[in-house]
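Structure first, commentary second.
Nothing in this text is a laboratory measurement; each read-out follows from the coordinates by a stated rule. Keep in mind it's a predicted model, so treat the numbers as computed, not measured. FYI the Cβ positions are ideal-geometry reconstructions off the backbone, even for glycines, and counts take in every protein chain you see.
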Amino acid sequence: MIKVIFRRRSFLSREQAVARQPQDVIALFERLFLDTYATRLCFGQAEPEYLPQAEGRGQHQILFAHGFFASALHEVAHWCVAGPERRLLVDYGYWYRPDGRSELEQKEFSVVEVKPQALEWLFAVAAGITFNFSADNLAAGGEVVSTDWHRFQEAVLAQVQTYLRRGLPRRAALFAGGLSELYGTEQRWQEAHRYSLV
């Protein structure tokens, strides 16, 4: 079981947390990254997707699912982890199998999810909202609560600790700083760096 001193809980009231709008994150992302990286954060329909520049599409696009705020944070986290070569590939060149993965496919999926979910956790702190781990495999019928699931959570937590000790990747640091400024959580965000995660 994971014992967390640095709490995942939001320090906002329910009303304040509901007020977090994806449009605000889209505007922040464009202000920080559109000119330098020719990348837009956009509302998506069903599954999230990353689309590199192509004929008829002037910028790269990060599409997040159903207009959900947490999905926007998660997809930006994937973008922050992806290097320049991967940002030229659809979905950064990773395979994606929708809900209902086999146990082996879920293990492979989990390996590439550790760093993005660690960044998403830190983005959630900067935005003042609650972070929730995601297995993204609801059709597994509850099988996700297993030793592998707990190992995955521990791996995400260890990566958060590493980021807090060594610093965030440049784009992630800019985005987290922008979120904390946008939502007035600068003090809380700075305090996060002093917490120990056990």
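Remark: spin-label model distance residue 94-residue 158 equals 1.8 nm, labels positioned 7 Å along the Cα→Cβ axis. Counting other Cβ atoms within 10 Å as a rough exposure proxy, the listed residues 79, 149, 95 run 95, 149, 79 from fewest neighbours to most.
Among 163, 37, sorting on how many other beta-carbon atoms sit within 10 Å of each Cβ, with the fewest leading, yields 37, 163.
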